[in-house]
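Written out below as C-alpha cells is the structure these notes cover.
None of the figures in this text is laboratory data; all of them are computed from the coordinates on show. None of the values given here were measured: they were computed from a predicted structure. Neighbour counts are summed over all protein chains in view; Cβ atoms, including those assigned to glycine, are modelled from backbone coordinates with ideal geometry.
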Amino acid sequence: MAEVVRTPDERFVDLPGYAFAPHYAMVTARGLPPVRMHYVEAGPPDGEVVLLLHGQPTWSYLYRTVIPVLAAAGLRVIAPDHIGFGRSDKWTEPTAYTLSRHVQWLSSLITELDLTGVTLVAQDWGGPIGLSALAADPGRFARVVAANTVLHTADPSLAGRLKWANHGLDDGRVVLEEALVDYLLYYVRAPDIVASFFVEAVAGPLAPGVAQAYDAPFPGRTYQAGLRQLTALLPLTRNDPGAAIGRSTMSALAHFDRPFLTAYSDGDPATAGWESVFCDQVPGARGQSHVQITGAGHFLQEQRGEELGRVIVDFVAANPAP
C-alpha cells in the first residue's frame, strides 16, 4: 500500500529569497485518499489571480523572484507545489503518480480555493498539467502565459516543428530526440536523483544556498518517488495515456479565444518550437505581442525571474478581463 510522507518543516527554514508563509489545501484524485497540497499566496486577496505552475525537478521556489513583482503590481499570486514536490505531500509509490492525477490534484486546488479569472503561467510540466486543468474547466481562466513548456501529443504534424523531436510517423514509428530519451532513462535508472543538478546544469552558477533550496524537499529516496516518476510520464508514442490527454487538451485550446501569450527563452532547445505551435493552434494567441526572453535557458524564472514577472504584469494590464 502506498504511503504519504511530508518533508520535515526544518528543511524549508531560511531558504535564500523564499520567506513566504506556507498555505495548504486538501486535494483529491480518483483512486487515492485526499492529500495536502502546499501553495504560496501573495499580493492583495482581491487582486486578479495569477497561478504560477512549476515543472520538473523544481517547486514553487523557482518563482521566488517572480512573485514579488506580481504582488507589487496588485495581483493575487498562487504558486502551488505539485503533489510529490516542494512542501506538498509525497506518495512513496511511484505508480501513484499519473498525469491524470496531477491534473485532478491541481483542478481540486483551483476548486477548493474557488479561483476565477485566472491568469495561468505554465513552465515545463506546468503546461501539460495546467493547460489540461484549463481544458476541464475553461470558464475559470482569463488568460494564459506559456513559458518554456510543451503539450506532448506525439502527433505526426509536429514533424520538423520542434528542436527536440517527439512525434509519430504514419507507418507506426516514432522520431525522438536522443537527448530526450537520455534524460528520461537517467531518471528511471539513476540510484539517486539530485534536483539541483539539473537546475545548475542549465541555469548555473547558482547563488550560495540556492542549490540546497532546490534539494530541500527531497532529503532521501523515500521522498523522491514523484520527482522520479514525472519524467517517466513523458509521452513518447501516440498510444501513451499522456499523449491522449495532450490531444484532448490541444483540441480544447483550439477553441480558447481568451488572451494567450508565449514567453519563451532563447536558450531552451527542449521546448523550442512549441511557441509557434501554440501560436498557430490557439485562437487567443493571435494578435498578441509574443515575447522572447534572452539570456536564459529552460529555467527562465531562475535567470530572468523579474523580467518574466514584468512580462506577466504588462500582459494582464494590456488584456483586461471582460
Legend entry - Tensor-based shape of the range 2-150 (alpha-carbon gyration tensor, a/c under 1.5 rounded, otherwise prolate or oblate): oblate
Legend entry - Estimated [θ] at 222 nm from DSSP helical runs (n ≥ 4, -39500 (n - 2.57)) normalised by residues in the chain, nearest 500: -10000 deg cm²/dmol
Legend entry - For the chain, built as a Gaussian network whose Cα springs stay under 10 Å, the top-fluctuating residue of P208, P22, P235: P208
Legend entry - For the chain, alpha-carbon Rg and Dmax in angstrom: 18.1, 55
Inset, instruction - Counting residues in the range 200-283 as N, plug N into 2.2 N^0.38 Å and put the Cα Rg over that result. - result: 1.46
Inset, instruction - Could you compute the FRET efficiency for D257 and Q212, with r as their C-beta to C-beta distance and R0 at 41 Å, rounded to 0.05? - result: 0.40
Legend entry - Packing rank of 275-281, 88-94, where each peptide gets the mean count of other beta carbons within 10 Å, highest leading: 88-94, 275-281
Inset, instruction - Using the Cα centre as the reference, give the magnitude of the dipole from point charges on the C-beta atoms of the range 99-170 (Lys, Arg: +1; Asp, Glu: -1; all else neutral), rounded to the nearest 20 debye. - result: 180
Legend entry - the range 97-213 - share of DSSP beta bridges that are antiparallel (%, nearest 5): 35
Inset, instruction - Just check the range 159-205 against the gyration tensor rule for me: Cα atoms, a ≥ b ≥ c as the square roots of the eigenvalues, rounded for a/c under 1.5, and otherwise prolate or oblate depending on whether a/b exceeds b/c. - result: oblate
Legend entry - Equivalent ellipsoid dimensions for the range 140-291 as semi-axes, Å, which come from the Cα gyration tensor, largest first: 29, 21, 15
Legend entry - Positive-end residue, the chain charge dipole about Cα centroid, Cβ charges, pick of A318, G295, Y97: Y97
Legend entry - Positive-end residue, the chain charge dipole about Cα centroid, Cβ charges, pick of L113, L185, V77: L113
Inset, instruction - Rank V282, V118, V174 by mean-square fluctuation in a GNM of the chain with C-alpha springs under 10 angstrom and give only the top-ranked residue. - result: V174
Legend entry - Antiparallel DSSP beta bridges within the chain, as percent of all bridges there, nearest 5: 45
Inset, instruction - First select every other residue whose beta carbon is under 11 angstrom from the beta carbon of T7; then total the charges, Lys and Arg +1, Asp and Glu -1. - result: -1
Legend entry - Point-charge dipole on Cβ atoms (K/R +1, D/E -1) for the chain, about Cα centre, debye to 20: 400
Inset, instruction - Count the net charge of all other residues whose Cβ sits under 12 Å from the Cβ of G297, scoring Lys and Arg as +1 and Asp and Glu as -1. - result: -4
Inset, instruction - Please give the peptides 222-229, 46-53, 311-318 ranked by average Cβ packing (other Cβ atoms within 10 Å per residue), highest first, as a rough proxy for protection. - result: 46-53, 222-229, 311-318
